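Structure, as C-alpha cells:
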Amino acid sequence: MKFSYKESGCDPVKDRECLCVGNPGTAATALAEIGVDQSLLPTSGSPCIKGDFDKDGEPDYAFPGKGFSCNQSVPVRVIFTRGGQVREVGALPREVSCLQLYPPRRKPGPYGVPATKRQGLVDWGEGNATWVYLFDGKKWHATSYPSEEG
C-alpha cells in the first residue's frame, strides 16, 4: 500500500483537489464501495488528502467518493496506515463536498473553528455551515460551525 501526490507541490490545506497515485492494497474494496476508480489510481490518480489524522507519525489518506466536487456531497473513506500497510479503513460520519486538510492550530480560526493539536479534515461553508472532522484515535467527531455572519 503506497500513495503519493501526483503533483508534488499540491497543498491540501489550500488546494481544492490533490490527486493521489499509487496502490491501495487491502483497502481496494473499501475504495471501490464509494466509487473510486481502481484503474485510475496507479497513473492518473484520484482525489485524496494525505495527513496524520490519528497522530501516530504514519501517513493516512482520506478518499472522497465518485463525483467529488463542491457541488455535491459524497462519502469519504480514510485509510490509516502502519509500516506502509493498511491498518484500518474508516468512514467519515457524514458526506462532504469541499473537503480539505485541517491543520493543527493554536487558536480558534474563522467562524470559531477549533484549536487542535491534530490534523483533521474540513468541509468549508457547505450549506452555510463549516464542518470540522477530528479523529480521537477511536472515532471521527464532526462539528458544525456557522460559515456566514448572521
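Laboratory data are not the source of any read-out in this text; all were calculated from the coordinates shown. Because the structure is predicted, anything quoted here is derived from the model rather than measured. Glycine also receives a Cβ, built like all others from the backbone with ideal geometry; neighbour counts cover every protein chain displayed.
Details
- Applied to segment 29-35, the Karplus parametrisation 6.51 cos²θ - 1.76 cosθ + 1.60 on θ = phi - 60° returns per-residue 3J(HN,Hα) values of 5, 5, 6, 4, 4, 9, x Hz, with x for Gly and Pro.
- Violating pairs (Cα-Cα greater than 23 angstrom) within the set K2/K50; K6/K117; K6/K107; K66/K117: K6/K117; K6/K107; K66/K117
- Computed over segment 31-77, relative contact order equals 37 percent, with contacts defined as Cα pairs under 8 Å that lie 6+ residues apart.
- Electrostatic dipole magnitude of the chain [Cβ: Lys, Arg +1; Asp, Glu -1; Cα centre; debye, to 20]: 420
- Across G109, G65, G125, mean-square fluctuation computed from a Gaussian network of the chain (C-alpha pairs under 10 Å connected) peaks at G109.
- Stretchable slack from D37 to D56, in nm (0.36 nm times residue separation minus alpha-carbon distance): 4.0 nm
- Shape class of segment 1-79 from the alpha-carbon gyration tensor: rounded, with the ratio a/c of largest to smallest axis under 1.5.
- Gyration tensor verdict on segment 55-119 (Cα atoms; rounded if a/c is under 1.5, prolate if a/b is larger than b/c, oblate otherwise): oblate
- Values (i) 45, 32, 28; (ii) 47, 42, 30; (iii) 42, 31, 28 are given for comparison; Cα extents along the principal axes in Å, derived from the coordinates here, is the one labelled (i).
- Fully extending the segment from S44 to A91 would add 14.6 nm, taking 0.36 nm per residue of separation and subtracting the current Cα-Cα distance.
- Between S147 and A129, T130, the built amide H atoms are under 5 Å apart, and every one of these is 5 or more places off in sequence or on another chain.
- Counting Lys and Arg as +1 and Asp and Glu as -1 over every other residue whose Cβ lies under 13 Å from the Cβ of R106, the net charge comes to +4.
- The chain: relative contact order in percent, alpha carbon pairs under 8 Å with at least 6 residues between: 17
- Residue among F80, C48, L99 farthest towards the positive dipole end of the chain, charges placed on Cβ: F80
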